[in-house]
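The values are calculated or read from the model by the stated rules, or taken from the named source; none is laboratory data. Computed from a predicted structure; not experimentally measured. Note: accessible area is taken over every heavy atom of the protein model, side chains too, but ligands, DNA and RNA are not part of it. Shrake-Rupley method; radii C 1.70, N 1.55, O 1.52, S 1.80 Å.
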Amino acid sequence: MKLDILAFGAHPDDVELGCGGTIAKEISLGKKVGIIDLTRGELGTRGSVAIRNSESSKASQILGISVRENLDMRDGFFSNDEAHQIKIIEMLRKYRPEIVLCNAIQDRHIDHGKGSKLVSDACFLSGLRKIETFNNDEQQEVWRPKVVYHYIQWENIKPDFVVDISGFMDIKMESILAYSSQFYKENTKEPESPISSKNFLDSVKYRAQDLGRITGVEHGEGFTAERHLAVNCLSDLV
């Protein structure tokens, strides 16, 4: 299956939080989108692997993505080395996306920055013919995505561009709340975490509203780019 967009997240829920609205919008436009989770989020303060698996399946159905896979890297301890890069390359060559979305370039959680660089480096390496990878014993053809964009997470990184997600904020929030073990819930006996407060959930909404305010729309999601963006003419920017 060839995908138009492949989104990577260090943990289940990263993609939904960072770019769920953009994914929902692209799917509504007929694009095929997939998600690759690097880890199971097994070190998370709340929930369990089994619960997170169930939640990510539910979130996938809400967004309407074409495929979701988990690479079973070690939460907190994966590295940007050859073995982990090869796993990413195999996914890139399997799904052949034009666009890759991945974690924030720097963030509170150490896995986010690591995951960002790991995926970015693998996107370059995936285009090198002398790196051989296989899928079901069949050698894969080389593939390099056209662009890599990084969504924004905990840190208020200045975006290089903003996607108008007006009309898709509800589905974004629904996909986030599919991870019910992770986020705010009244009268829970679960331990607190940085993302379990009501303020955190509210912040997802007001960040989208603020990016929308700045760009003249209702809601927006911000991204950073690794290279200069180009347009055909000035009117494309209107």
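Starting from the residue with the highest accessible area, list THR133, THR45 in decreasing order, probe 1.4 Å. Intermediate results must be reported in sequence, preceding the final value.
Details: THR133 5, THR45 85 Å².
Putting THR133, THR45 in descending order of accessible area: THR45, THR133.
Compute a Gaussian network model of the chain, connecting alpha carbons closer than 10 Å, and tell me which residue from HIS228, HIS150, HIS112 fluctuates the most.
So, out of HIS228, HIS150, HIS112, the one fluctuating most is HIS228.
Mean-square fluctuation check for the chain, GNM, Cα pairs under 10 Å: which of ILE27, ILE195, ILE152 is largest?
Evaluated over the chain, the most mobile residue of the options is ILE195.
State whether region 129-238 is rounded, prolate or oblate according to the following rule on the C-alpha gyration tensor (a ≥ b ≥ c being the square roots of its eigenvalues): a/c under 1.5 gives rounded; otherwise a/b larger than b/c gives prolate, and the remaining case gives oblate.
Oblate.
What whole-number distance in Å separates the alpha-carbon centres of region 104-161 and region 50-82?
Answer, in whole Å: 15.
What does the chain give for Rg and for Dmax, in Å, if only its C-alpha atoms count?
17.4, 56
Tell me the accessible surface of GLU42 in square angstrom (1.4 angstrom probe, heavy atoms of protein chains only), to the nearest ten.
So the heavy atoms of GLU42 present about 80 Å² to solvent.
Per DSSP H run of n ≥ 4, the term is -39500 (n - 2.57); total these for the chain, divide by its residue number, and report the mean residue ellipticity at 222 nm rounded to 500 deg cm²/dmol. Kindly include the intermediate steps, with their values, before the conclusion.
Values: 6 runs with 87 residues, N = 238.
Taken over the chain, the calculation gives -12000 deg cm²/dmol.
For region 142-181, what % of the accessible area comes from carbon and sulfur atoms, probe 1.4 Å?
That share works out to 51 percent.
Starting from the residue with the highest accessible area, list ARG52, ARG68, ARG213, ARG144 in decreasing order, probe 1.4 Å.
Output order, biggest surface exposure first: ARG213, ARG144, ARG68, ARG52.
Exceeding 22 Å between C-alpha atoms, which entries from my cross-link table qualify? They are LYS94/LYS158; LYS58/LYS146; LYS58/LYS172; LYS31/LYS58.
The pairs that break the limit, which is 22 Å between Cα atoms, are LYS94/LYS158; LYS58/LYS146.
If a helix is a whole DSSP H run, which ones in the chain reach 15 Å or further along their own axis (Cα) and hold a mean Kyte-Doolittle hydropathy of at least -0.5?
14-28, 49-63, 82-95, 110-125
Would you mind working out the accessible area per residue for the chain, using a 1.4 Å probe, and quoting it in Å²?
That works out to 52 Å² per residue.
Translational D (Stokes-Einstein, µm²/s) of region 173-238 at 4 °C and 1.567 mPa s when Rh comes from the Kirkwood sum over C-alpha pairs?
After rounding, the answer is 88 µm²/s.
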